[in-house]
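Below is one structure, written out as structure tokens; the observations come after it.
The values are calculated or read from the model by the stated rules, or taken from the named source; none is laboratory data. All values derive from a computational prediction rather than experimental measurement. Neighbour counts are summed over all protein chains in view; Cβ atoms, including those assigned to glycine, are modelled from backbone coordinates with ideal geometry. Side chains included, ligands, DNA and RNA excluded: accessible areas come from the protein's heavy atoms. Shrake-Rupley method; radii C 1.70, N 1.55, O 1.52, S 1.80 Å.
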Number of protein chains: 2
Amino acid sequence: MLSQKQKELIEKIGIYFEEGMQPAAARILALLIVADQVSFSFDEIREILKLSKSATSNGINFLLNLKKIEYHTKPGDRKRYFTWSPDNIINHFREGIDKILALSILFDASLQLKRDKNTHSAKKIAEISDLMNFLHLEMPGVIEKWERKRASKP
Amino acid sequence: MLSQKQKELIEKIGIYFEEGMQPAAARILALLIVADQVSFSFDEIREILKLSKSATSNGINFLLNLKKIEYHTKPGDRKRYFTWSPDNIINHFREGIDKILALSILFDASLQLKRDKNTHSAKKIAEISDLMNFLHLEMPGVIEKWERKRASKP
DNA sequence: TTTTAAGTTCTATATTTGAAGAACCAAAAG
DNA sequence: CTTTTGGTTCTTCAAATATAGAACTTAAAA
């Protein structure tokens, strides 16, 4: 079903995803990305990843909530079959960029509280905040550029 | 020494920094960024943040290791005085981008293992990997653009 | 209407993480 | 030398997180 290499990749990708979700959820997501099989039932996920029912249930619902995965059903079959939903992945990057913007706002606030706005440190805060803002502004253009490139040579 | 607002900012910025370091280290870094005072001794940090010696020591060394902070000494004074080192902050963004690249490599590896590279999922993996790569390639240009803008109107 | 299947939720642990405080150490001061 | 200072390291301890497994729920099937 899963080759050794695929299992290893699930672990490696899982570790990346652990930044932001519990290990079990991270492995579930990685499984759905890496596997050849297009969809997995609750129990298949459970068995393959050797998780308890609760860890499986919680992980799946966490991922459904974030819309990282979705499920479909089959007529005359009560099970749900889960698949990765890759389509809103660009959103993921947007969220990352928004987070940078939020931090830049805190840096600005810190600058406003500085007695002396001309120290090296204060100027650096302003600079970093400006950079974060700039990145936030530039990002849509970069993604657009990528989309154009991609549309031209598919 | 620190206003209420500054203390609140240290907490808020600290929470951002917790992604990637332990809370105590995050607060130390936030303190060195937010405060007007340019440098702090070990015991000042300890007292202001109400940390134990071990938490202070570990946090400081963690931050020194990552070169997020540095210290200087004064003649006839054994203490070290710690300051934020903002200068390689652009590096911080580069690291973030490098991390994205590392993930794209794992996605590529996953794609290589796919039996059928023409499924929706496989094509999406390719697409995401390509986007991550593109971001990695574009970033230096974006930062350069920012530097030019900044040089022109300082 | 009883049983079964598919999952959820609850309770009990296990694991991980972070921090406290004491013991320790090395260099400088006395 | 011996004491003090400035910190580090070691040994708990506490809290947060994650998981297991059992008990429960709900809807469909028998």
Name every residue in segment B:126-136 that is within 17 Å of A:His136 (Cα to Cα) and open to solvent by 10 Å² or more (accessible area, probe 1.4 Å), in order of residue number. B:Phe134, B:His136
Among the residues of segment B:42-74, which ones are crowded, with 16+ Cβ neighbours inside 10 Å, more than 21 Å from the chain's Cα centre (by Cα) and touching a residue at least 24 places away in the same chain (Cβ under 8 Å)? B:Phe42, B:Ile48, B:Leu51
Unmet criterion (only one of (1) under 30 Å from A:Ile89 (Cα atoms); (2) at the interface with chain A (Cβ under 10 Å from one of its Cβ atoms); (3) touching a residue at least 12 places away in the same chain (Cβ under 8 Å); (4) touching a helix residue (DSSP H, G or I) at 6+ places or on another chain (Cβ under 6 Å)) for B:Tyr16: (3)
Identify, please: which residue in segment A:22-55 is within 13 Å of another protein chain (Cβ to nearest Cβ) and not in a helix (DSSP H, G or I) and is, among those, nearest to DNA strand D (Cβ to nearest atom)? A:Phe40
B:Lys99 fails exactly one of (1) of a type in the set (D, E, K, R); (2) surrounded by fewer than 16 Cβ atoms within 10 Å (Cβ to Cβ); (3) part of a loop (DSSP other than H, G, I, E, B), namely (3)
Please verify whether segment A:86-95 includes one or more residues that are among the acidic types (Asp, Glu), crowded, with 17+ Cβ neighbours inside 10 Å and more than 12 Å from chain B (Cβ to nearest Cβ). no
Of all residues in segment A:1-13 being open to solvent by less than 60 Å² (accessible area, probe 1.4 Å) and part of a loop (DSSP other than H, G, I, E, B), the one that is nearest to the other protein chains (Cβ to nearest Cβ): A:Ser3
